[in-house]
Amino acid sequence: MSQSIKKVMYGMCIASMLAAAIPGVNFPDTVTNGKAFAAEVGTGVSASTIKDGSYKIPYIIKKFGTEQPSVMQDYIITPGTLTAAGGKLYMTVTLKQGKQITAFKVENNGVLKDAEVVGTNEAKNTRDVRFEVVDLSKKLKAWVKIDWAEVNYFHEYDIEISIDKDNAKLIEGNSASSGKVDAPAGTAPIDQKPITDTNKPKEGEQAGTKSGSDPKPTSSEQPTNKPALSDIAGHWAQVSIEQAVSLGIASGYEDGSFHPDGEISRSEFAVLLARALKLEGKKAELQFSDNAQIPEWSRAYLEQALGAGIIGSYEDNTFRPNRNIVRSEIAVLIVRALGLKPDSNQKLDFADESDIPKWAYAEVATAFQKGIISGRGNNRYAPNAGATRAEAVTLLLAISKLK
């Protein structure tokens, strides 16, 4: 049997198991009969033309670049909920297998960003996530990561979300006139950005004014006052996070949170690494084929890291800035950053040693032998697992003290 046929059959098997894992959910009949979306908002699809309120709205997950349904369609519950509030649109969807879907990102302003988790149901193993929508008539690019150990399924892939604007209906009692609009909580529920450096104004700005642009890294290298973050009290990495933020290595979000257990992307980790090592010297021009996807606030740091020989491209000349970094990649970057010579003769005795990529084996062995990195439970290294913001900050804070 050919490999392609095996892959198709395996995908169908996984889809069937997912569909069977959570029985179909019947939503209560809470939509207002006769109040179709077109009647409520006319023919426009922008936030400025849609009346404030919450709407039940169908949507389809499609294979990226096609009109075919994705296997991910079996991972979701439809319809979703569209909320119009304050001139913005937010889509809330329910993911089946919430524990196994470890990451779900949606493109916003050309950058893939983690959808905000707004609810979980442990009994049903579902998770509700919310993201901003600018134009309902266009498909949204998204990315999903699934780690399902029970069936040995570990996969990540691009998808597209197609929203059926013509069949949305207003939820009764959730219009602007009723005063019960389900407005997103917080000042920046979806597009949360790291706190910008208010001491360094952008061109044309007065010092101390706030900018609404993409997050910019802190420019000061000096310790500041101890930060007050709302979601790290009692966390195992609280002290390290506070130190890293005070030293300008890491930053919180505009709403005062840090998201310590959120996974970190390749561009975010490279920025933290550059800050932790206070990289200076010759910059290198970024010439990756996916340069357009690299966030503007990270470019200067990536240029320093590239010039120092710490980061590089994949075989297809992409950098994939928005993809979550994995532990094997972290080991390679750390060894390069510290100028360590990889030990190709060092052997590891992890239970999952065979899973460590050949291109990273020597670096993982060297970093482990030096005590820089460690394994996880059950004598596993988990080379293809992601790292949380807390893990990354703790590691890089320790690295900064070695230099």
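The values are calculated or read from the model by the stated rules, or taken from the named source; none is laboratory data. The structure presented is a predicted model; accordingly, all values stated were derived computationally and were not measured. Reconstructed Cβ throughout: ideal geometry from the backbone, glycine too, with neighbour counts over all protein chains shown. To get the accessible areas, we keep the full protein, side chains included, count just its heavy atoms, and leave off ligands, DNA and RNA. Shrake-Rupley method; radii C 1.70, N 1.55, O 1.52, S 1.80 Å.
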Single unsatisfied condition, Val41 versus (1) aliphatic (A, V, I, L, M); (2) crowded, with 20+ Cβ neighbours inside 10 Å; (3) modelled with pLDDT of 85 or more: (3)
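From Arg380, Arg376, which residue is in contact with a Phe, Trp or Tyr (Cβ under 7 Å, 6 or more places away or on another chain) and either small (Gly, Ala, Ser) or open to solvent by 70 Å² or more (accessible area, probe 1.4 Å) (or both)?
Working: Arg376 fails: in contact with a Phe, Trp or Tyr (Cβ under 7 Å, 6 or more places away or on another chain).
After ruling out the rest, the residue left standing is Arg380.
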Residue selected from segment 69-89 under the condition polar (S, T, N, Q) and buried (at least 19 other Cβ atoms within 10 Å of the Cβ), by the criterion modelled with the highest pLDDT: Thr81
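Scan segment 340-363 and give yes if some residue there is more than 27 Å from Asn379 (Cα to Cα) and modelled with pLDDT of 90 or more, otherwise no. Explain how you work it out, then say what you get.
First pass over segment 340-363, keeping only residues more than 27 Å from Asn379 (Cα to Cα): none.
No, the conditions are met nowhere in segment 340-363.
Per-residue answers, yes or no, for (1) open to solvent by 20 Å² or more (accessible area, probe 1.4 Å); (2) under 24 Å from Trp297 (Cβ atoms); (3) of a type in the set (Val, Ile, Thr):
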{"site": "Met91", "(1), (2), (3)": "no, no, no"}
{"site": "Thr94", "(1), (2), (3)": "yes, no, yes"}
{"site": "Lys99", "(1), (2), (3)": "yes, no, no"}
{"site": "Lys105", "(1), (2), (3)": "no, yes, no"}
{"site": "Gly110", "(1), (2), (3)": "yes, yes, no"}
{"site": "Asn121", "(1), (2), (3)": "yes, no, no"}
{"site": "Phe131", "(1), (2), (3)": "no, yes, no"}
{"site": "Val134", "(1), (2), (3)": "yes, yes, yes"}
Segment 131-146 residues that are under 22 Å from Gly87 (Cβ atoms), paired with ones that are open to solvent by less than 10 Å² (accessible area, probe 1.4 Å) (beta carbon under 6 Å, 6 or more apart): Phe131/Met91; Phe131/Val106; Val133/Leu89; Val133/Met91; Leu140/Val106; Leu140/Ile161
Tabulated pairs, segment 379-393, first free of Cβ contacts under 8 Å to residues at least 40 places away in the same chain and at positive phi, second open to solvent by 30 Å² or more (accessible area, probe 1.4 Å) and acidic (Asp, Glu), C-beta under 6 angstrom, 6+ apart or interchain: none
Pairs, first farther than 16 Å from Gly375 by Cα in segment 333-353, second exposed (fewer than 13 other Cβ atoms within 10 Å of the Cβ), C-beta under 7 Å, six or more apart: Arg336/Gly309; Leu338/Leu402
